[in-house]
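Please treat every number below as a calculation from the coordinates, not as lab data. Source: prediction; values computed, not measured. Don't worry about glycine lacking a Cβ; one is built from the backbone with ideal geometry, like all the others, and counts go over all protein chains shown.
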Amino acid sequence: MLAMNYRGPLRVRASQKPMPQIEHPQDAIVRVTRSCICGSDLHLYNGSVPDTRVGMTFGHEFTGIVEEVGSEVTKIKVGDHVLVPFNIACGECVFCKQEMYGNCHESNPQATAVGGIFGYSHTAGGYNGGQAEYARVPYANVGPTVIPEGMDPDDAVLLTDVVPTGYQAAEMGGIQKGDTVVVFGAGPVGIMAAKCSWLFGAGRVIIIDQVDYRLEFARNYAQCEAYNFNEIGDPVVFMKKTTDWMGADVCIDAVGAEAAGNAMQTITGRKLLLQAGSATALHWAINSVKKGGIVSIVGVYGPTDNLVPIGNVLNKGITIRANQASVKRLLPRLIEHVQNGVLNPKALITHRIPLEEVSDAYRIFSAKLDNCIKPVLISPSAGM
Amino acid sequence: MENITNDYSHIKGWGIDADPKNDPTYPMKKRNNGEHMGYSWTRPTLQPETVEVLHSIERPNVTAVFGTSTPPSGLSGMIRRLAFKKSENDYGHWLPLILADRINVVEGIIEDLRSGIVPNIFAEKGMKAEWKHNRSGVIRQMAVTAIIAYGFVAFYRAKKRRDRGY
């Protein structure tokens, strides 16, 4: 089968790989119909996440048709069209029982902070992802959800990560009616976080980025204020000034390790990998929030060797309010929002690219070429 | 600063998920006594270990399922095995993994060549897309690289001449 194949930092290609097999009685094999490239994949693509091995297939946002199921699979059947949450969760451990599906303790042997994630290095379990014609889906009784009748597959694929992560970012902000919310990062998740902040009753939503076309997109899609940090001077002072010198009620970091805007952070975090990535957005969030305010982190940070392990704060869901999204917990509500037209995820998709051209797709997304917001890869056997 | 309005009628769904009791600890508020009982849940069926799986020393075992995409191999694999003797709390775990990743890239090129594949690095880096959508940027980058390379060559040629004393 054809699959994305990681060859090293900034180098990927599509090549032939063996078909995935049932390796556990609760496994399913799905024929991938849609798979996205996520901003988090760029951390892997840039070589920032340790234990990203050459030969891996990335991709944690995908939908597919069930082709085969293991002997213990009862919740889905061959032929179902499913959306597959990016978390691999057993549903049995103490953390899954608390609905912390992003923190499952039975899906990632290599690390204890984060649960298993499709196609996200061995730090997240060593699973191949969905940027392929076929994918192995463990714990098929827990995560995969049959796409509701009539739902557009483009909407469905964004329910695997982007929408729940953006929604949970807003939810973790504890937004109260009338609150001012600032979102750092106008990528797909940041835009969705801004959009969802209104659902919680925000009184004002501001988004900060440095790419004008993304800001324009955010303005239109999320109906929020949008500012280019290169044009407003010190973003923290700007935020204070625009909130009557108090600071925002809620700040959301939707950037993570790849943040631009501070030379020292860029050199030590992104170029030399001496800390968990550039923490510029996190600094701005912490410094822009008002006293007693809430900082919500969904931007991904790597592990650390010399600073506070902020990546683990995210992955373990420690209280600053940060976590990987608990997709399964949020799905029922979000499906309802999509069906009622409150959310329109597929509008984020700007590029449909054949899987064969995965190298170009990564380049377009990572270099922000051609006004790209969200690319979807279509495999030759997608059949739709 | 934009004009702020309190009329949200243009925003579909405004406030529909508002909850004055939005609990900062959610979903941990669903906490039960299970976690005080340690590693006591009924474990799912265990996936057979058909490949080498490294596991964190912060847990007693391998998880019930795991990925089998790329088992450790070669020199990078040896370094990874050493890394997994240290905890996730230790730089002795993460730094060797980063080193192993870099070595693994070279191993990948060797593996390609052995299999008769000459990696097309230009294509793998997506330069076709860059050329299509950012031609001026590519040309600027190539020019800067050429100037720097020329500077190095000129410097070493001059140094060679100085060393020879003419």
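Going 7 Å from the Cα of B:Ile148 toward and past its Cβ, which residues in segment B:120-138 have a backbone nitrogen under 15 Å from where you end up? Only B:138 fall inside the zone, counting backbone N under 15 Å. Within segment A:62-191, the proportion of C-alpha pairs whose separation exceeds 23 Å stands at 39%. Where does the charge balance sit around B:Met78 when Lys and Arg score +1, Asp and Glu -1, over other residues with C-beta under 13 Å from its C-beta? With Lys, Arg at +1 and Asp, Glu at -1, the neighbours total +1.
Per-residue ellipticity at 222 nm from helix content only, as computed over the protein assembly as shown with -39500 (n - 2.57) for each DSSP H run of at least four residues, stands at -9500 deg cm²/dmol.
Note on segment B:120-166: Kirkwood hydrodynamic radius from all Cα pairs is 12.9 Å, rounded to one decimal. Within 10 Å of the Cβ of each residue in A:354-365, the mean number of Cβ atoms contributed by other protein chains is 4.
For a test of the definition: using alpha carbon positions, the gyration tensor, and the 1.5 limit on a/c, classify segment A:242-292 as rounded, prolate or oblate. It is prolate, given that a/c is not under 1.5 and a/b is the larger ratio.
The alpha-carbon positions of the protein assembly as shown define a convex hull whose volume is 167 Å³ per residue. Can you tell me how chain B classifies by the Cα gyration tensor, rounded, prolate or oblate, using a/c under 1.5 as the rounded cut? Judged from the Cα gyration tensor, chain B comes out oblate (a/c at least 1.5, b/c at or above a/b). Taking a ≥ b ≥ c as the square roots of the Cα gyration tensor eigenvalues, with a/c under 1.5 meaning rounded and otherwise prolate when a/b beats b/c, else oblate, which class fits segment A:152-270? It is oblate, given that a/c is not under 1.5 and a/b is not larger than b/c. The mean count of C-beta atoms from other chains within 10 Å of the C-beta of residues in B:82-88, rounded to a whole number, is 2.
By the rule of a C-alpha distance below 22 Å, with chain neighbours fewer than 8 residues away ignored, the lysines paired with A:Lys368 are A:Lys195, A:Lys271, A:Lys346, B:Lys125, B:Lys128, B:Lys132.
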